[in-house]
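What follows is a short report on a single structure.
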């Protein structure tokens, strides 16, 4: 991970201007001080050539564009926090981050947002809709010298630089294991996915089904609905699903719309009998875990996702070197009521 001039200055006990002069051999620095700065830079993995490039970056003031389907989806508040944390660390290099937001998963809307600032950005950080038009756009951006990092969810058949996010298939496998444990391996369940257009959501379902098929024949899927990560749509679709399947006793919530699903369960009078497994720990989801409506929720690391995506963008911009891997996977964490609630209160 790249190291800032500010960090070298702090560890060396000198000013950033002194670090600048030492790394660029501009003289006017005491030999002992210069040697100390070089040793610190070396220990941090900061080569003179890389340092020179970093200083050049500061003069160019690169703009990283970010597009998130965050409108109406509180999960992305933490992703944005991570992005802003990284931006603050890179401020000495003149790095700027411009975030565009959208609601839902419309590829036409996402393409429009990309086109609005593609002529001004140096890198694109994108939560990509898994659509051939988006993949083609990523390819055309690459030809223009604008690499794309897939953030939070990946995209198939594209030339994106790398992916930063969770292992969705594994998290789906975990969700199936949890549901089986909670139900004794026997349940009539429904699935509330976010969007069939999002690769990560499909991978979670695939992971769930792979474990169910291999280990839990007593789990029976009755229906699947699409929420578009919207609580109102989730509420309406879940009410319909429960009316159509009065024997349903479990729900696997794949992505957003968690609060809407839970409100529908409560309204339908199925609160006591329903086993719900969800994802993430936004405030409304935590509320439902505390009430016992959701039995377990599987959490990503959204702050780390946003932060790492920006840092990887900077690393590539400054060095031009391909990342050491094309997938940077952050772990999952299972949370239950007892891990979210202080029982002594």
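Among the residues of the stretch 59-71, just one is crowded, with 17+ Cβ neighbours inside 10 Å and modelled with pLDDT under 95, namely 62.
Name the residues in the stretch 102-135 that are outside any loop (DSSP other than H, G, I, E, B) and buried (at least 16 other Cβ atoms within 10 Å of the Cβ), would you? Within the stretch 102-135, 107, 110, 111, 113, 114, 123, 124, 125, 126, 134, 135 qualify.
Considering only the stretch 88-101, state which residues are in a helix (DSSP H, G or I) and modelled with pLDDT of 95 or more. Within the stretch 88-101, none qualify. Of all residues in the stretch 308-329, which are within 19 Å of residue 168 (Cα to Cα) and crowded, with 16+ Cβ neighbours inside 10 Å? Hits for the stretch 308-329 are 308, 309, 328.
Each row is one residue, and each column tells you yes or no for (1) part of a loop (DSSP other than H, G, I, E, B); (2) in contact with a strand residue (DSSP E or B) (Cβ under 6 Å, 6 or more places away or on another chain); (3) assigned by TED's automatic domain parsing to the domain that holds residue 257.
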{"site": "191", "(1), (2), (3)": "no, yes, yes"}
{"site": "203", "(1), (2), (3)": "no, no, yes"}
{"site": "206", "(1), (2), (3)": "no, no, yes"}
{"site": "214", "(1), (2), (3)": "no, no, yes"}
{"site": "223", "(1), (2), (3)": "no, yes, yes"}
{"site": "228", "(1), (2), (3)": "yes, no, yes"}
{"site": "232", "(1), (2), (3)": "no, no, yes"}
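The values are calculated or read from the model by the stated rules, or taken from the named source; none is laboratory data. Just so you know, these numbers come straight off a predicted model, no measurement behind them. Glycine also receives a Cβ, built like all others from the backbone with ideal geometry; neighbour counts cover every protein chain displayed.
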